[in-house]
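> The structure under discussion is supplied below as structure tokens; questions concerning it will follow.
The values are calculated or read from the model by the stated rules, or taken from the named source; none is laboratory data. All values reported here derive from a predicted model rather than from experimental measurement. Cβ coordinates were reconstructed from backbone atoms using ideal geometry, including for glycine residues, and neighbour counts include every protein chain displayed. Each accessible area value is taken on the protein alone, full model and side chains, heavy atoms only, with ligands, DNA and RNA left out. Shrake-Rupley method; radii C 1.70, N 1.55, O 1.52, S 1.80 Å.
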Amino acid sequence: MQHAILVAQLEREKEGRECPIQICDRSAVDPIVYAVLTSNTAEEARIRRNFLVNSPMFQAALEVYRQSTFLLLAPIPEWLVDDGVRLIEKQNQYFGVFKTELQRLGINFRIIGQDMRSQEERVVWVLGLLRC
């Protein structure tokens, strides 16, 4: 299932590549993180991760990702709402695995932490990154 999600995400991103700035609330890294988190053993996690990371589609996207900056949002417990899709009870673990994967893949990222709770402050901060 995570492979199908990865493929669908990459196809969607490809549609927007003509834009100089692309903002997505998901990436092809998400299904990799979920594959790791939903594995029953470390060995299963390693196999599932490698299958997704080594796919030709992901490797092509990785070149673009490495020229990008990802914004990683630290979970804020009061903001979490169970939508029946996300692993809400594992948000801190998800955040940690996501951060580790971005580092392992050599993708630049910035963290918007729990200390930045105002939406206006977040928007101003992101716009500041775009000016650099």
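> Accessible area per residue for the chain in Å², computed with a 1.4 Å probe and the full protein assembly in place, what is it?
Heavy-atom SASA per residue in the chain reads 65 Å².
> Now for a different question. Counting only protein heavy atoms and a 1.4 Å probe, tell me what percentage of the stretch 34-75's accessible area is made up of carbon and sulfur.
Carbon plus sulfur share of accessible area: 57 percent.
> A further question follows. Summing Lys, Arg as +1 and Asp, Glu as -1, what charge do residues with Cβ under 13 Å from the Cβ of P77 carry, P77 excluded?
It works out to a net charge of -1.
> Starting from the coordinates of the alpha-carbon atoms of the chain, obtain the Kirkwood hydrodynamic radius over all distinct pairs and give the value in Å to one decimal.
Result for the chain stands at 15.9 Å.
> Before anything else, pin down the relative contact order of the chain: Cα pairs under 8 Å, at least 6 apart, normalised by residue count, whole percent.
RCO, the chain: 24 percent.
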